[in-house]
Every structure is written in structure tokens, then in C-alpha cells.
Amino acid sequence: MAANELNDLIPMSEWLPGLKKPLIIGGPCSAESPEQLMQTAKEIKALGQVDIFRAGIWKPRTFPNNFEGVGSIGLEWLREVKKETGMPVATEVGSVKHVFEAIKYGVDLIWIGARTTANPFAMQEIAEALQGVDIPVLVKNPLSPDLELWDGGINRIYAAGIRKLGAIHRGFSTWGKSDLRNTPHWQVPIELKRIHPNLPIIGDPSHICGNRTMIAEIAQRAMDFNLDGLMIESHCNPDAAWSDAKQQVTPARLGEILSGLKMKSESTSDEKFIRTLDELRSQIDMYDDQLLNILEARMKIAEKIGLHKKDNNVSILQSARWSDIINKMIAKGNGKGLSDKFISEIFQSIHEESINHQINVTRDI
Ligand code: PEP
Ligand code: MN
């Protein structure tokens, strides 16, 4: 099956009554008990800023014996939430059984989780179960930054006849330590938007961050990239949450985050110029952040080299190695349209900083 243009999608504003950009989805990572769900839902409803209430009923967990969701009983609690608060409700599906159960209990929107999107067999089965069903479906990106796999999953759901279709950007797994649980690789959702301009993409700062402190910043970044909405995890007592406790915020904090967002303006030609400029500037900010992270990682390695040399009684400065690096980088930089002067200046200062780090780390105090 070749990738489709997806040009007859139904606009997000027509999925459910009252929806507009940005679509805000909020609620706990997991449904835990009728009380936790209703309490959280009432607090979220009171904000007046959330369009759809979310809760995971079936949780795909990395390790066995972790909390794997309350199962179908939670759908009854979700139905109560909907009755009591009037908010539409959403949950994750990962199998044919989940699809049928969610539809049976009147769930208003379903999403497919990152681990499921990565599996074309599961996606095909879910797509077939959705044939003839009129429900909005959001497809999370797969765990790896594989645009084709994401697009392929979206295409399978589209081929089943779903036209209320969107994507969720929740970042990508990475090896090694990082401030964020899942690296955003913003280039990937930006490219998805370029291929499918009318496919709504919702940002999921909770799963990108994995912590509470950076959610506002990442949510703003998603808005700066002109994504179409946000999904943010919120729990009435985040510290006691049974899953993703570290990243869940109270409904009150969710309200602050949403109120603090600076929204980008829509359409007319002048505003279009500003929006494009903002998007490009956000891309520059993203690359600047990446540069800093890379420089930090490079300095850490330099420190390790410093210690290694010290242990072996070797001097810090080894000029042959250094002129090798400069020459190699100038040649490579030329191939990338970067001038000799720029490359030698930038590597000169990187080298100086590395030496300082090596000196500091090996200094006997
Ligand atoms: C979730 O939304 O709670 C979830 C399990 O997300 P993901 O599939 O992005 O890990
Ligand atoms: Mn979660």
C-alpha cells in the first residue's frame, strides 16, 4: 500500500461539537478507581479549558507485573465521567478487543499508543476492526523516529475508512541520559505536516518530558511549531499515581500551563508571514538547544580523556592530534558550505574549552 495524500480528511472542528484549534486533551495517565477518575474529571472540567478527557484503561508496560490498567471496568467509570461532566472521553486501544469494548461503552475518541504504532500487524488488525466505525482516531508516533512507520500506521487507519484522523507527537526513545524522557526530534512531526498538511497533529508534552517541570516549555514549543493541540496528563494526586507519576500535573497546574500558552495567530497574509517566521525561529531554537547538548556531551568526554591521560602520565596537550582534528573538520565543513574561517574559529574555541575542562578535572585540590 503506497502512502496516501489523505486529502479528504474531516477537519478537526467537525469531529465533536465545539472543537477548535488548539484541541486540548487532559486527564490521568491511567484510570485507577472510580473516585480518582471522577475527582480528576471534575477538577479538569472546572478549568473550562479542556475539550476531551483522557484516561488509559489498558496500559502497555515495559515490564511484566507493573500496573497494566484496570481493564474494561474502567470504561464504565469513563461513561460515568461523561454523564456527570458532559466532557467527551478518550482512551488508548492496542488490540481488536480494545476497539470493540471502547466503542461499546461510547468512548468518543481513541488513540493508538507508540508501542502499537510500531507493529504493522497490530495496526492492520485494529484498522480492520475500525472498518465502518465513525470515531476520531489519533495515531501516536512509534517509539523510534521512523516517519515511514508512523505514516504507514496512519495510512492503514485511513484505508479502513476513518476520516476523523490525526496524529500525536510524543517524542522518541533514546539511549543514554537526557533531560527529557523522549527526544522530540521536531523535524519528524514537521515533516509529517509537510506531507499531510490537513492531518491534525497533537503534541504530547507529558510523554516527551517525563517530568513536570518542562511541560509548559515543551507545550509552548509544540504551539510554536503550529501543532493543532495538546494532550497533557493530569491527576488529582499526581504523586500517588499508579503510572507515570513523575510527569502528571494537578488539574490546577494544567490550568496554569494552558493559560500561559502564547498562541500563534491564524491566516491573513501578514500574520502568515509572522507565523512562518515564528516556526523558523523555533527550529533555530531547537538546533541551538541541540548544539548545547552536543557541546556538553563533548566536554564530558574530554574530561574522561583528561583523567585517562593523568592516570597514564600523559600530557594534556597533544598538538598532532589537534591539527588532525582541525584539518579534518575544515575539509568536512567545506563540503557542508561552511567557511574555513568559521570552522577553524569554532573548533579553536571548542578546543580551548576542552583543555580547560581537562585541566579542571585533573587538578589536584
Ligand atoms: C499514554 O498516553 O499514557 C501512553 C501509554 O503513551 P505512549 O503510547 O505515548 O507511551
Ligand atoms: Mn502515560
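The values are calculated or read from the model by the stated rules, or taken from the named source; none is laboratory data. Remember, it's a predicted structure, so these values are computed and weren't measured experimentally. Please note: Cβ atoms are built from the backbone with ideal geometry, for glycine as well, and neighbour counts cover all protein chains shown.
Couple of notes before you dig in:
- With respect to the conditions (1) of a type outside the set (Phe, Trp, Tyr); (2) under 24 Å from Thr174 (Cα atoms); (3) away from ligand 2 (no atom under 13 Å from the Cβ), Met231 lacks only one, and its number is (3).
- The range 64-84 - residue that is within 14 Å of ligand 1 (Cβ to nearest atom) and assigned to a loop (DSSP other than H, G, I, E, B) and, of those, surrounded by the most Cβ atoms within 10 Å (Cβ to Cβ): Gly69
- Counting the residues of the range 161-180 that are more than 13 Å from ligand 1 (Cβ to nearest atom) and crowded, with 19+ Cβ neighbours inside 10 Å gives 3.
- Residue that is farthest from the chain's Cα centre (by Cα), among those in the range 190-217 that are surrounded by 24 or more Cβ atoms within 10 Å (Cβ to Cβ) and away from ligand 2 (no atom under 14 Å from the Cβ): Pro200
- Test result for Thr183, among the β-branched types (Val, Ile, Thr) and buried (at least 23 other Cβ atoms within 10 Å of the Cβ): no
- Scope the range 227-254; condition of a type in the set (S, T, N, Q) and surrounded by fewer than 19 Cβ atoms within 10 Å (Cβ to Cβ); matching residues: Asn237, Thr250
- Verdict on Glu35 being at pLDDT 95 or above and closer than 30 Å to Arg194 by Cβ: no
- Just one residue in the set Val50, Val99 is closer than 30 Å to Pro120 by Cα and surrounded by 23 or more Cβ atoms within 10 Å (Cβ to Cβ); that residue is Val99.
- When the range 1-32 is filtered for residues that are modelled with pLDDT of 95 or more and of a type in the set (S, T, N, Q), the ones remaining, listed by number, are Ser13, Ser30.
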